[in-house]
Every structure is written in C-alpha cells, then in structure tokens.
1. What are the pairs, 6+ residues apart or on separate chains, where a residue within the stretch 20-44 that is in contact (Cβ under 8 Å) with a residue 12 or more places away in the chain has its Cβ under 7 Å from a residue that is in a loop (DSSP other than H, G, I, E, B) and surrounded by 14 or more Cβ atoms within 10 Å (Cβ to Cβ)?
2. Quick one: in the stretch 17-36, of everything that is touching a Phe, Trp or Tyr at 6+ places or on another chain (Cβ under 8 Å) and open to solvent by less than 60 Å² (accessible area, probe 1.4 Å), which residue is nearest to GLU3 (Cα to Cα)?
3. Which residues, counting only those in the stretch 14-32, are out of contact with any helix residue (DSSP H, G or I) (no Cβ under 6 Å at 6 or more places or on another chain) and in a helix (DSSP H, G or I)?
4. If you take the residues in the stretch 37-54 that are of a type outside the set (Ser, Thr, Tyr) and open to solvent by less than 70 Å² (accessible area, probe 1.4 Å), which one is nearest to the chain's Cα centre (by Cα)?
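The values are calculated or read from the model by the stated rules, or taken from the named source; none is laboratory data. What you see is a predicted model, and the numbers here were worked out from it, not measured in a lab. All Cβ positions, even for glycine, are placed from backbone atoms using ideal geometry, and neighbour counts span all protein chains on display. Surface accessibility is based on the protein's heavy atoms, side chains included, excluding ligands, DNA and RNA. Shrake-Rupley method; radii C 1.70, N 1.55, O 1.52, S 1.80 Å.
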Amino acid sequence: MEEKEIIIRIIGIIIGVLILISGLYYLVKEGKDDAESKKIYTIVSVIGAVIAVGFGISMFFLV
C-alpha cells in the first residue's frame, strides 16, 4: 500500500511542477502588456507551486 501512495505523491509533485512551469512560461510570454492575463498566469503559477509543495511535504511527513 505504501508504494501506491508514494507513486501518487510523486505524480502529484510532477503535475504541480508542470502547472507551475506552464504558468510561468505564459506569464513571461503573454503577460507583459495585459494586466488580466498577468493576474491569471500568476494565480496558475501559485496553484502549481502549492500543489507541488503540498505533495512534497506529504511525501516526507506522512510516509
């Protein structure tokens, strides 16, 4: 059972990092002039960071 939980947490970290990277990429690419898209991509980046950090913390403290 532990192996499945670890795999799920690793997948969660990967998904969080991918969301973070995509948010930062589009923030740099399209968020230069448009304030609303800058806000949206910042929120997406923060959500990705929270997901990655949350699964990372759960990886080390809940195992």
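1. Pairs that qualify, where the first residue is in contact (Cβ under 8 Å) with a residue 12 or more places away in the chain and the partner is in a loop (DSSP other than H, G, I, E, B) and surrounded by 14 or more Cβ atoms within 10 Å (Cβ to Cβ), are TYR41/GLY31.
2. Restricting to residues being touching a Phe, Trp or Tyr at 6+ places or on another chain (Cβ under 8 Å) and open to solvent by less than 60 Å² (accessible area, probe 1.4 Å), the top hit is GLY23.
3. Once the filter is applied, which keeps residues that are out of contact with any helix residue (DSSP H, G or I) (no Cβ under 6 Å at 6 or more places or on another chain) and in a helix (DSSP H, G or I), the stretch 14-32 yields ILE14, ILE15, LEU18, ILE21, SER22, TYR25, VAL28, LYS29.
4. GLY48
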